[in-house]
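The values are calculated or read from the model by the stated rules, or taken from the named source; none is laboratory data. Every value quoted in this text rests on a predicted model; they were computed, and no experiment measured them. Neighbour counts are summed over all protein chains in view; Cβ atoms, including those assigned to glycine, are modelled from backbone coordinates with ideal geometry.
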Amino acid sequence: MSDIASVSLERPLAEIADELGHSFSEFGFGVIRDHGIPQDLIDRADALSKAFFALPEAAKLAYKLEGSGGARGYTSFGTEKAKDAEVHDLKEFWHVGRDLPEGHALAEFMAPNIWPGEVAGFEETFEDLYAAFENAGRRVLRAIALHLGLEEDYFDATIEDGNSVMRLLHYPPLGDDAPEGAIRAAAHGDINTITLLLGAEEAGLELLTKQGDWLPIDATPGALVVNIGDMLERLTNGKLRSTTHRVVNPRGDAAKRSRYSMPFFLHFRPDFIIDPLPSCAESETGNVPEPAISSHDFLLQRLREINLA
Ligand SMILES: O=C(O)CCC(=O)C(=O)O
Ligand SMILES: [Fe+2]
């Protein structure tokens, strides 16, 4: 078994497509260097995320939108629970989504963003980071398209105006009062198309291999960890794997430190129909294709399972 691929996104896509594709088939994960998201933007975003989570709980709770499924703004510690988990995750987070112009045909699927007034520069910085994540994600999907034998730009139209969500995550230092068995992020698969994650150089992220072992993911500082979500797994009839992963609690001194990370959950357009690709038929993957479903309906199904809708 080879290792998780680590590739430079500056290389010609045709050269990296299969290396990445095989890593996504075997592990569901790949590491991307030279992803084009400027380091100074990442540094600013990190600092602002830390500044937000350092606010008093009451100030943060003012940005919790009841009944919105946590799609925008703040979700407090002790809310999200992985599918089938007994206890909640040890994390709090903030969601930034796409801002569509008023009257846009897809506006009904995407609530407007809210911004914490206490943290100067938050809106501008995270709008920029959202756009930078999108560009990197589009390029990764072009490599995936080549690997699948599709036109390079196949995915471009499928993600245009998609309801991708950027999550700023804070796992506080471990308290003594955590429920038995609770971990920073319990084992789960991501729901979306692909996820691009910044901050994985801080230890804790692990994936479940096909053989059933937990494999720590170690990323070089500044690299993007990319994983396949359930929607792309369904479209490719399991050829690309949406792999179960988790964030374990650190031991020793690290337990006294917070962990911060920033996943970008790249989504298809809400009206994109996830209909398994003919090139990923049962004869190729051994799986019976799932029926077609719109990306929006699929998302709703899954959010209900994790307590967010
Ligand atoms: O914080 C991390 O490293 C991973 C987070 C994650 O898997 C998620 O939020 O879906
Ligand atoms: Fe995840």
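In summary, Ser49 fulfils each of the numbered conditions (1) more than 19 Å from Ala132 (Cα to Cα); (2) under 21 Å from the mean Cα position of the chain (by Cα); (3) modelled with pLDDT of 95 or more; (4) not acidic (Asp, Glu) with the single exception of condition (1). Restricting Glu180, Glu201 to those that are surrounded by fewer than 22 Cβ atoms within 10 Å (Cβ to Cβ) and either within 11 Å of ligand 1 (Cβ to nearest atom) or of a type in the set (A, V, I, L, M, F, W, C) (or both) reduces the list to Glu201.
Name every residue in the range 255-309 that is at pLDDT below 90 and in contact with a helix residue (DSSP H, G or I) (Cβ under 6 Å, 6 or more places away or on another chain), in order of residue number. Within the range 255-309, Ala309 is the sole residue that qualifies.
Screening Ile114, Ile4 for residues that are of a type in the set (Val, Ile, Thr), assigned to a loop (DSSP other than H, G, I, E, B), more than 28 Å from Thr243 (Cβ to Cβ) and touching a residue at least 12 places away in the same chain (Cβ under 8 Å) leaves exactly one candidate, Ile114. Just for the range 186-198: of the residues that are near ligand 1 (Cβ under 7 Å from one of its atoms) and out of contact with any helix residue (DSSP H, G or I) (no Cβ under 8 Å at 6 or more places or on another chain), which one is nearest to Ser258 (Cα to Cα)? Result: Leu197.
Among the helices (runs of 4 or more DSSP H) confined to the range 228-309, the ones with at least 1 residues that are surrounded by fewer than 17 Cβ atoms within 10 Å (Cβ to Cβ) are located at 282-285, 295-305. Pairs are defined by a Cβ separation below 8 Å, a sequence spacing of at least 6 or placement on different chains, a first member in the range 219-235 that is farther than 17 Å from Phe27 by Cα, and a second member that is in a helix (DSSP H, G or I) and within 15 Å of ligand 1 (Cβ to nearest atom); the pairs so defined are Gly222/Ile42. Within the range 32-47, the set of residues being within 12 Å of Leu196 (Cβ to Cβ), assigned to a loop (DSSP other than H, G, I, E, B) and of a type outside the set (Gly, Ala, Ser) comprises His35, Ile37. Restricting Glu92, Glu118, Glu123 to residues that are crowded, with 19+ Cβ neighbours inside 10 Å, of a type in the set (D, E, K, R) and under 17 Å from Leu168 (Cα atoms) narrows the list to Glu92. State whether one or more residues within the range 2-17 are among the hydroxyl-bearing types (Ser, Thr, Tyr), within 18 Å of Val226 (Cβ to Cβ) and over 21 Å from the mean Cα position of the chain (by Cα). Yes; the residues of the range 2-17 include at least one that is among the hydroxyl-bearing types (Ser, Thr, Tyr), within 18 Å of Val226 (Cβ to Cβ) and over 21 Å from the mean Cα position of the chain (by Cα).
Before we move on, is Glu92 within 26 Å of Gly70 (Cβ to Cβ), touching a residue at least 12 places away in the same chain (Cβ under 8 Å), of a type outside the set (A, V, I, L, M, F, W, C) and within 16 Å of ligand 1 (Cβ to nearest atom)? Yes. Looking at the structure I just gave you, is Leu277 within 19 Å of Gly21 (Cα to Cα) and within 16 Å of ligand 2 (Cβ to nearest atom)? Considered against the rule, which asks whether it is within 19 Å of Gly21 (Cα to Cα) and within 16 Å of ligand 2 (Cβ to nearest atom), Leu277 comes out as no.
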